[in-house]
C-alpha cells in the first residue's frame, strides 16, 4: 500500500460491510463525507479505532445501522444507536491525523459486522 493509500471499513445501514482503499493524497475528509453522505462526526471507540458517522443522521432520519451500533456497543458505547453509513478508521497519530486500519483490523471489523448482522453476540 502506498503512502497515500488509506484502508478503512464502510458499513451502510442496508448492505454488507466492505473494506475500502482510498487515495488520500488530497486528504481524507472528502472520502469520509462521501461515504457517510454529509458532514461527519467521529466516535473514538479506542486508541486505534474511530467510527465516523453522518453528523445529521438523526435529523435526516437515516436508517438504523445495526452492525455499526453493535460494534460500538462492543467497545462500551451503549448510550445510543447509530444511524446511516459508518466508516471505521485506525485512530490518530501524534499530530491528530487519522490513520488507516491495519489489514488484520479491517478483516476483524468486517467479521464483527457480519456476526452482528447474523445475530451472533460479540
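Observations on the structure shown:
- Inside segment 21-31, residues that are in contact with a strand residue (DSSP E or B) (Cβ under 8 Å, 6 or more places away or on another chain) and either surrounded by 15 or more Cβ atoms within 10 Å (Cβ to Cβ) or in a loop (DSSP other than H, G, I, E, B) (or both) make up a count of 4.
- Residue ID - surrounded by the fewest Cβ atoms within 10 Å (Cβ to Cβ), chosen from residues in segment 37-53 that are over 18 Å from residue 70 (Cβ atoms) and in contact (Cβ under 8 Å) with a residue 12 or more places away in the chain: 47
- Checked against the criterion of being surrounded by fewer than 22 Cβ atoms within 10 Å (Cβ to Cβ), more than 17 Å from residue 16 (Cα to Cα), at pLDDT below 95 and touching a strand residue (DSSP E or B) at 6+ places or on another chain (Cβ under 9 Å), the candidates 91, 76, 96 yield just one match: 91.
- Scanning segment 20-27 for any residue that is under 13 Å from residue 87 (Cβ atoms), touching a helix residue (DSSP H, G or I) at 6+ places or on another chain (Cβ under 9 Å) and modelled with pLDDT under 95 turns up at least one such residue.
- Once segment 79-88 is narrowed to residues that are out of contact with any helix residue (DSSP H, G or I) (no Cβ under 7 Å at 6 or more places or on another chain) and surrounded by 11 or more Cβ atoms within 10 Å (Cβ to Cβ), the residue that is nearest to residue 36 (Cα to Cα) is 83.
- Residue tally, condition more than 24 Å from residue 103 (Cα to Cα) and in a strand (DSSP E or B), over segment 36-62: 1
- Selection within segment 91-101 - touching a residue at least 60 places away in the same chain (Cβ under 8 Å) and either touching a helix residue (DSSP H, G or I) at 6+ places or on another chain (Cβ under 8 Å) or assigned to a strand (DSSP E or B) (or both): 98, 101
- Any chance residue 81 is closer than 24 Å to residue 114 by Cα, at pLDDT 95 or above and part of a loop (DSSP other than H, G, I, E, B): yes
- Restricting segment 1-19 to residues that are under 19 Å from residue 103 (Cα atoms) and buried (at least 18 other Cβ atoms within 10 Å of the Cβ), the residue that is modelled with the lowest pLDDT: 17
- Condition check for residue 8: in a loop (DSSP other than H, G, I, E, B) and in contact with a helix residue (DSSP H, G or I) (Cβ under 8 Å, 6 or more places away or on another chain): no
- Out of 104, 116, sole residue that is exposed (fewer than 14 other Cβ atoms within 10 Å of the Cβ) and either in contact with a helix residue (DSSP H, G or I) (Cβ under 8 Å, 6 or more places away or on another chain) or closer than 14 Å to residue 19 by Cα (or both): 104
The values are calculated or read from the model by the stated rules, or taken from the named source; none is laboratory data. None of these values were measured; they are calculated from a predicted model. Neighbour counts run over all protein chains shown; Cβ positions are idealised from the backbone, glycine included.
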